[in-house]
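Written below as structure tokens is the structure these notes are about.
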Amino acid sequence: MERLPSWMEVVKPDPIVLSERLDESLFAADLYRVLKGDAPREYQDPRRFAEQTYPTEGMVQLLSDVVRRLSGKGSSNPVIQIQTPFGGGKTHALIALYHLVKHGNEIKNSLLGERVLEKAGVSSYPKAEVAVFVGTVLNPKESPTPWGEIARQLGRYDVVRKADKDRYAPGRELLEKVVGDEPVLILMDEIAEFTARCEDNYYTQILAFCQELTETVSSLRRCCLVVTLPSSAPYGEKGERALRDLEQIFGRMQAIYEPVRGMEIYEIVRKRLFEMDGDWEEDAYRVVDEYISTYRQWSDAPEWAQSEDYRERMLRAYPFHPILIDWLVERWGSFHTFQRTRGALRLLGHIVQDNWRRYEREPQKAPPLIQPGHVDLNKPEIVEELMRHIEHGYRAVIQADIQERAPRIDSGMGDWSQYQVATGLATSIFLASFTAAEGGRKGASLPELKIAVWQPGLEPAVITEALNSLERTLLYLHEDNGLYLFSLQPSLVRLKFDYMERITADEIRKELERRLKELVKESGDWQVRITDKAEDVPDTRDLQMVVLPPETLGDEATQKVQKIFETKGNTPRVYRNALVVVTADKSGMERAEGQVKEFLALKRIEGSDERKRLSPRDQKRLKEEKESANDESSRQLCNAYRFVFKQTEGGLEKLDMGTMSVGESLNLVKRVQDFLHRQDLLMTERVNPVQVKELMGSAKERNLEDIWQDYGKFPRLPILLNQKVLAEAVRMGVRQKLFAVRIYGREYYGDELPSGSNWVKDAVLLLEPKVSGLPPSPTATVPVVGVKVEDILTILQATPEVSVKEIYDRIWSQKHSEFKSEAEFREAFKSALEKGHEQGLWRLLIDKTPPIGERIDISTLLNKGTICLGKAPTVTRVAQPKVINVRLVIPIGKFGAFAMTMANLHRLQLVGDHVEISFKTPSLQDNQIKQLKNALQETISQVGGEIQEPPEWR
């Protein structure tokens with residue numbers, strides 16, 4: 001897709017927006033200052049004012065009606081009330097009327113001037129006198145009365161001098177003399193606020209004056225009165241009373257106008273903040289089309305965001321995204337201190353200035369539209385514009401969640417960090433979190449937030465993942481019925497953070513110790529002790545596992561382990577080969593401590609009264625997170641204990657078990673035992689009988705108990721799990737006639753020994769049988785190296801169907817001396833088994849059924865397998881799974897996008913400006929292969945990569 005132009009490449013802000021003059025007064029329309037002649041140029045200069053005023057339908061209608069009234073044309077309304085929410089354009093409309101009457105010739109050629117003349121049906125603006133009263137400027141206790149001020153400006157103060165000084169309302173006769181016969185325009189701004197500040201008698205006189213004035217103006221043909229009233233009173237009880245009384249007076253003969261309606265706010269903003277020169281509309285259409293097209297591809301996009309009406313809104317709002325202006329005007333505009341249009345212009349001016357300065361050197365890197373996610377709440381000017389309308393406590397929200405925690409999430413998002421998704425989401429949620437409207441909607445849904453931050457190049461799934469991270473991390477973020485918002489009410493994350501601060505190191509230590517005892521509770525053949533003191537570990541033949549306490553780590557742990565292996569108190573340790581010591585990794589223990597700390601905090605919250613203050617969703621999450629933290633605490637602790645110390649002939653050896661696999665049981669003893677067994681350091685089934693024979697040395701006979709003791713003393717020997725292992729070795733040696741054994745006075749040679757292993761302590765190993773008549777030990781022969789297919793065939797020819805385990809045992813008994821360990825023999829046996837199976841010399845069955853797939857699981861075959869001589873029959877069953885070799889090539893710049901959707905990559909290689917990835921799938925059915933193919937093709941196309949293998953997937 002061709003790169004969309006950034007908004008900075010299409011339009012340029014008005015110079016005043018980029019200047020240091022961008023302050024509150026720039027957008028604060030002040031009729032009184034215009035009257036005095038010291039307003040900012042944007043308001044004082046008639047031409048400049050007209051150029052920057054977008055001629056809304058309501059504005060043109062208002063001005064044309066006044067023009068007709070003053071011209072004596074038609075039956076225009078004599079009394080006009082402008083009633084909108086604060087900042088809705090009331091004062092701006094009054095200034096437009098003032099300039100129209102006072103400086104009509106200077107603005108008649110502007111777009112505003114031309115439309116008003118056309119609408120009014122006149123060729124020129126009428127000449128008229130103008131009187132202005134601004135209620136926020138005058139003090140009811142000291143200043144002239146409204147009638148005195150109006151009469152003074154019209155040059156007829158003497159008519160009402162006494163009424164002004166005595167503060168009583170003049171009657172209609174006096175007011176007609178004040179107004180006179182010539183055209184007059186009277187503008188009254190903020191009269192409700194002025195009236196609310198008047199005392200009782202004066203309050204009554206103000207109401208009487210307003211009533212008399214409306215009747216006077218209505219009786220005069222070329223006189224017009226324009227009054228502004230807010231739609232709601234921000235002055236408390238007195239304000240509500242004043243607004244209600246004034247509405248009754250003006251409501252009798254008023255025409256109500258709304259200067260700004262609907263999408264006109266977008267045009268006003270663009271007119272005031274930007275120089276819209278050149279062919280910007282073509283680029284705007286390209287940008288908007290791309291955004292709307294993307295929204296229509298999302299499964300969760302709101303219908304309004306996919307509509308043609310919204311396309312029009314986006315075009316009218318360009319270069320802003322309409323959702324930003326809508327949130328400011330509709331939500332923040334409900335605060336009377338924000339003043340809707342005026343407040344939005346102030347804030348948007350700061351946002352434009354900040355974005356321009358941020359990308360001024362590389363304008364092509366700016367986004368195509370200015371969206372809520374691009375508002376920088378690190379800028380004091382922007383923060384202060386927002387903070388003046390909400391509680392002071394929200395400064396902590398901005399600092400803790402938006403300025404600190406959200407950026408940390410962004411920094412860990414790899415290639416997506418450039419989009420600052422988490423920070424943009426947090427900012428958008430903040431902007432959507434506030435309204436002063438009763439029953440007003442607070443917060444934003446996930447689809448709305450995606451609209452607030454998405455821009456070309458950003459995957460929607462990344463937005464969802466970033467929001468999930470925010471939910472787990474931010475202190476003040478809440479979710480209520482699908483709406484995300486910030487609140488000072490306690491959230492689960494915030495409570496968890498607070499409670500974690502209160503958890504002591506001693507509490508964590510005790511919880512770790514409790515969990516560690518649980519991890520070693522099922523000890524099997526091991527004697528397990530949790531200690532770091534050598535004197536606590538007895539020097540016995542029992543198989544011992546010592547686990548160092550959680551706080552004993554690093555160099556200190558190594559020193560403690562050394563001492564445990566060397567001595568028992570002051571006595572040198574004898575049974576070093578019956579002992580292993582397990583210690584924890586320092587970083588792993590830190591993770592376990594953090595997880596335990598979180599669990600203890602969640603457990604404490606669950607039992608506190610503060611739990612009741614949580615939202616229903618947070619209460620549900622509390623239960624879920626506590627269960628998860630409980631499980632994860634034990635897993636992290638078990639994972640931390642990854643080092644196993646074992647005595648060797650060369651000294652103490654430190655072995656690393658690595659991290660736990662997924663699904664591995666939380667049993668530290670089993671974890672250590674399985675690891676030692678895989679390393680051939682621990683024998684759990686049998687030991688090589690040849691080795692047992694070697695331990696007899698030159699002796700003709702030797703007590704088997706002494707040999708058992710030797711296995712516990714000498715590190716050159718493997719560790720035996722129990723006496724059963726030794727008993728099995730002796731049983732096999734006797735069966736193979738490597739040696740004889742005398743048990744309870746009876747000698748065994750070539751036959752089966754008693755079951756179990758209780759006889760070991762009373763058995764005597766004999767190099768040769770002593771009882772006459774028993775055959776002597778066979779002469780040793782040169783062993784055949786490895787396991788051959790012929791070895792298995794020889795057995796099958798005598799018994800065409802036999803268990804795999806029986807064949808395994810028979811060949812092992814014949815060839816054990818050729819192998820260093822049984823694990824080595826097992827691999828050789830498996831290889832021969834697979835070879836004969838592939839050649840069709842025999843067939844393998846598991847529970848009487850052929851195994852599915854190409855790979856043979858030797859453990860399953862030994863437990864349940866049967867081998868049958870002859871060619872494997874044709875079996876009708878579902879299609880066999882296949883293993884697919886896949887090779888992909890991804891552009892480096894897009895690898896982050898691909899990596900977030902792929903896992904378990906087998907091989908990754910950098911080739912030029914691409915990344916080459918190869919991996920081998922597990923066995924898959926045809927439908928699974930189809931699903932993988934479709935998923936890869938879709939993902940690869942999104943990042944501009946290609947599939948090189950298999951070729952038919954390209």
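The values are calculated or read from the model by the stated rules, or taken from the named source; none is laboratory data. Worth saying up front: this structure is predicted, and the values here are computed from it rather than measured. Please note: Cβ atoms are built from the backbone with ideal geometry, for glycine as well, and neighbour counts cover all protein chains shown. These accessible areas exclude ligands, DNA and RNA; they are computed on the full protein's heavy atoms, side chains included. Shrake-Rupley method; radii C 1.70, N 1.55, O 1.52, S 1.80 Å.
Brief remarks follow.
- Criterion applied to 741, 787 was being modelled with pLDDT under 90, closer than 30 Å to residue 682 by Cβ, surrounded by 13 or more Cβ atoms within 10 Å (Cβ to Cβ) and of a type in the set (Val, Ile, Thr), and the one residue passing it is 787.
- Where helices (runs of 4 or more DSSP H) fall wholly inside region 35-135, the ranges with 2 or more residues that are open to solvent by less than 20 Å² (accessible area, probe 1.4 Å), closer than 26 Å to residue 270 by Cα and β-branched (Val, Ile, Thr) are 90-102.
- Those residues of region 514-527 which are within 21 Å of residue 719 (Cβ to Cβ) and open to solvent by less than 40 Å² (accessible area, probe 1.4 Å), in sequence order: 519, 520, 523, 526
- Of all the listed residues (828, 823, 832), the sole one being touching a Gly at 6+ places or on another chain (Cβ under 6 Å), open to solvent by less than 50 Å² (accessible area, probe 1.4 Å) and over 24 Å from residue 750 (Cβ atoms) is 828.
- Residue match in region 654-662 (condition: touching a Phe, Trp or Tyr at 6+ places or on another chain (Cβ under 8 Å), surrounded by fewer than 14 Cβ atoms within 10 Å (Cβ to Cβ) and under 23 Å from residue 519 (Cβ atoms)): yes
- Elements of type helices (runs of 4 or more DSSP H) in region 450-522, at least 2 residues being among the aromatic types (Phe, Trp, Tyr): 492-502
- The helices (runs of 4 or more DSSP H) located wholly in region 282-348 that include 3 or more residues which are in contact (Cβ under 8 Å) with a residue 24 or more places away in the chain occupy 308-317, 322-326.
- Some residue of region 383-406 being within 29 Å of residue 3 (Cα to Cα) and either under 25 Å from the mean Cα position of the chain (by Cα) or open to solvent by less than 10 Å² (accessible area, probe 1.4 Å) (or both): yes
- Conditions (1) among the acidic types (Asp, Glu); (2) part of a loop (DSSP other than H, G, I, E, B); (3) buried (at least 19 other Cβ atoms within 10 Å of the Cβ): number failed by residue 618: (2)
- In the set 501, 511, 535, 507, only one residue is loosely packed, with under 14 Cβ neighbours inside 10 Å and within 33 Å of the chain's Cα centre (by Cα); that residue is 501.
- The set of residues in region 1-19 being assigned to a strand (DSSP E or B) and open to solvent by 20 Å² or more (accessible area, probe 1.4 Å) consists of 12 alone.
- Restricting the search to helices (runs of 4 or more DSSP H) fully inside region 141-201 and requiring at least 3 residues that are basic (Lys, Arg) gives 161-166.
- Some residue of region 559-572 being assigned to a strand (DSSP E or B), open to solvent by less than 10 Å² (accessible area, probe 1.4 Å) and at pLDDT 95 or above: no
- Within the option set 601, 584, 592, being within 34 Å of the chain's Cα centre (by Cα), under 30 Å from residue 714 (Cα atoms) and among the aliphatic types (A, V, I, L, M) holds for one residue only, 584.
- Test: residue in region 185-194 that is free of Cβ contacts under 8 Å to residues at least 40 places away in the same chain and open to solvent by 40 Å² or more (accessible area, probe 1.4 Å): no
- Sole exception among (1) of a type in the set (Gly, Ala, Ser); (2) modelled with pLDDT of 80 or more; (3) within 30 Å of residue 717 (Cα to Cα) for residue 817, by number: (2)
- Residues of region 405-442 that are closer than 19 Å to residue 493 by Cα, in contact with an Asp or Glu (Cβ under 7 Å, 6 or more places away or on another chain) and either among the β-branched types (Val, Ile, Thr) or modelled with pLDDT under 95 (or both): 423 alone.
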